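The values are calculated or read from the model by the stated rules, or taken from the named source; none is laboratory data. This is a predicted model, so every value here is computed, not measured. FYI the Cβ positions are ideal-geometry reconstructions off the backbone, even for glycines, and counts take in every protein chain you see. Note: accessible area is taken over every heavy atom of the protein model, side chains too, but ligands, DNA and RNA are not part of it. Shrake-Rupley method; radii C 1.70, N 1.55, O 1.52, S 1.80 Å.
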Amino acid sequence: MTLTGEVERITFENEETSFRVIRVGSVHGQPGLVGPITVVGTFRAVGPGTRVRVTGQFVRDARHGEQFRADTLIAVEPTTVEGLEKYLGSGMVPGVGPGFARRIVRTFGLETLEILDRDPGRLRQVPGLGERRIEAIRASWTARRALNSIMLLLQTHGASAALALRIYKHYGDRAASVVERSPYRLALEVRGIGFLTADRLARSLGISGDHPERAQAGVWHELGELAESGHTVVARADLVARAAAMLEIAPEHVEAATDALWGSGRVVCDDVGVSLARLYEAERAAAEALGRLARSSARELEGVTTALEQFERGAGLTLGRAQVEAIETVARHKVVIITGGPGVGKTTLVRAVLSVMTRARLDVRLAAPTGRAAKRLSEATGRTATTLHRLLEFDPRSGRFVRDTEHALETDALIVDEASMVDVALAAALTGALPTTARLVLVGDVDQLPSVGPGAFLRDAIDSGVVACVRLNEIFRQAEQSRIVQNAHRILRGEMPRGSSLEQAQADFFVIARKDPEEAAKLIEEVVVHRIPRRFGMNAVDDIQVLCPMHRGAAGTVALNQALQQRLNPEGDSLVSRGQTLRVGDKVMQTRNDYEREVFNGDVGRITAVEPVERRLVVRIDERDVIYEEDDVEALTLAYATSIHKSQGSEYPAVVVPVLAAHFVMLSRNLIYTAVTRARRLCVLVADPRAIGIALGETRREQRSTRLKGLLLAAQAALEATPES
């Protein structure tokens, strides 16, 4: 509904997020409505006395009662002398309080606003206004009118107040002209504004469907969608077909748009295909740096045999033949990749490599892509490990890493765990920051799903043959007893997993047959809320993670999160974001990288505080509190159930995985493998056997289209053709 009224007071406002709570009286627009009312939302600042028109709906907040949540708020200029005095004297114009506002309005009457707009020099006629104050009023009024203009323009064409503010913050006083002349620039230049939003705005402004800028924005959108799926390059013909179908325009318009984006430097086109320029540059830089490191001469580490004997005595174990060969490979080469599945001794091998390097008097650094993985690496080795972003000293203000080619890391060797999680942009930054004298050991399971971000760094580096690689296959005796480990390797071989019997004392893997998604969802609720906690003594929220192939459907993350939240955390302070209720005590996941707060896509935490009026949350992640303002809350989602893709690099005491025929579009062998290998003590598959068969038969679904392998080979060929200096 749309209501009109006068602002009586400002209850709360946050200038950084533009979230505000105001009291509005003298309300009109809804028969029988008695004011004043509380209006909450993200909109520009308005002072007491301002007449506003707000569109939205009434909602009931658990703590603060009924509120009107505004989607749009437009200031309506006052039409009386008294209203003008309140309007100008509300503090909206720096240097103009109630006293000066009264003088200005008494001097110009109802023409006051027109004079401020068109001839602010006439303010000299107002008694007591000096030149400095007049100039300050003129500058402030001009900026305010520019904001009014863009807000009115955008909200008239259906944009929210929050979106309008985001556009204004990006373009400043140019915002209105940019939107009117080139609305598709928003999709190319403003964070958080996609093609569909820009297209809706452009259509409202009367821009034709085959406009060249629309075609460019559409191509950009399709490349972004492909990057979200992990691809760094797409065949030009495929891109043209996708974009033409999406835009419903002729292919020749898309061809011209692709060339225009290439000419502006936003994309790169060559015989391989079309890439976003940033992804092309990342793959090129990673290929050059990794090739240079791999080819640079390496002094073979000494005393390996003695170091290994000491390590085995201290650890009370005997290394396997493949582990010893891996260590000898590390001793001979500058760059080595160590890969293998669960139970093959990767962690033990890292400890042994660390022992050998330490004995050789190397300064060794340990790192991993996420805080969780870095913590596990520290616990396994007894040495400090850090995230790659902290290692490379990410600067959120500039959006860049301090450590780079010119300011290289000061280390003799770097061991990176969970390397399958490293996307191509992070790989470029990492390899570029290593001095050519340093050694690099990458440890990861290449059979897991690739990184959340674009690219397939670990797979491409292995497949290129440019880097020395050791694959561990032998399952150690202590791991052979685990059905989780056994079934992970069975899945890799394309064989059906086998469940434990209920009578087994050490049962750790169960397969429960269900075909109907609704029945499977009900069973998952029962397993998480009652069965696992009763039998295994686990906490339903902290210890058990549901991992789903898909978000949609009865057994998808969205429905299961709602059901599990209702069962496990039904009450408490809450706020609503993107249609979901977030409550104190909820388990939540970060869905995008936030370098300033050092929280990353896939990080999981618990909500410890909710401030509904301020639209703010506090989330405990990796033993620290992270504050989320309103603009940041949309990056959180409930995490009782998460996608398998988002679980990479994580381990949980227990995982519950639905595998149903309804998930067939996502099912693949390494998807199920990744889910199973997330479990430390217990894995439960709620599955349709046919769906497991579909997954085991699909080995290419996660295959990504990338350039890195070809670039690595090309860089290696170029280096080999150039004599070393």
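Worth a mention:
- Semi-axes of the equivalent ellipsoid of segment 581-642 are 15, 13, 11 Å, computed as sqrt(5λ) over the eigenvalues of the C-alpha gyration tensor in descending order.
- Prolate/oblate/rounded call for segment 315-442, Cα gyration tensor, a/c under 1.5 rounded: prolate
- Of the chymotrypsin sites (Phe, Trp or Tyr not before Pro) found in segment 632-700, the ones in coil according to DSSP and having at most 16 other Cβ atoms within 10 Å of their Cβ are F664.
- Where only alpha carbons of segment 516-567 are counted, the Rg and the Dmax (Å): 10.7, 31
- log10 of Debye I(q)/I(0), alpha-carbon scatterers only, for segment 177-287 at 0.11, 0.15, 0.16 Å⁻¹: -0.32, -0.60, -0.68
- Estimated D of segment 407-503 in µm² per second, where Rh is the Kirkwood radius over Cα pairs and Stokes-Einstein applies at 20 °C, 1.002 mPa s: 135
- Gyration tensor over alpha-carbon atoms, segment 443-500, equivalent ellipsoid semi-axes in Å: 26, 15, 10
- Per residue, the convex hull spanned by the alpha carbons of the chain comes to 195 Å³.
- Computed over the chain, relative contact order equals 10 percent, with contacts defined as Cα pairs under 8 Å that lie 6+ residues apart.
- Using a probe of 1.4 angstrom and keeping all protein chains present, the accessible surface of the chain works out to 44 square angstrom per residue.
- To put it simply, the accessible area of segment 8-118 at a 1.4 Å probe is 47 percent carbon and sulfur.
- Mean separation of Cα contacts under 8 Å (6+ apart) over length of segment 500-576, as relative contact order %: 24
- In angstrom, the C-alpha Rg and Dmax of segment 480-562 are 14.0, 38.
- Cα→Cβ-extended label distance, 7 Å offset, between D516 and T4, nm: 5.6
- Counting DSSP beta bridges with both ends in the chain, the antiparallel % (nearest 5): 60
- Sorted largest first, the principal axis extents computed over the alpha-carbon atoms of segment 1-86 equal 40, 36, 18 Å.
- Accessible surface of segment 598-685 [probe 1.4 Å, protein heavy atoms]: carbon and sulfur percent: 46
- Spatial extent of segment 619-725: Rg and Dmax, with the Cα atoms as the point set, Å: 20.4, 61
- Per-residue ellipticity at 222 nm from helix content only, as computed over the chain with -39500 (n - 2.57) for each DSSP H run of at least four residues, stands at -12000 deg cm²/dmol.
- Inter-centroid distance (Cα atoms) of segment 640-718 relative to segment 37-74, Å: 45
- Helix 131-156 axis, angle to the chain major axis (alpha carbon atoms, nearest 10°): 70
- Within the chain: Cβ-based charge dipole about Cα centre, in debye rounded to nearest 20 (Lys, Arg +1; Asp, Glu -1): 880
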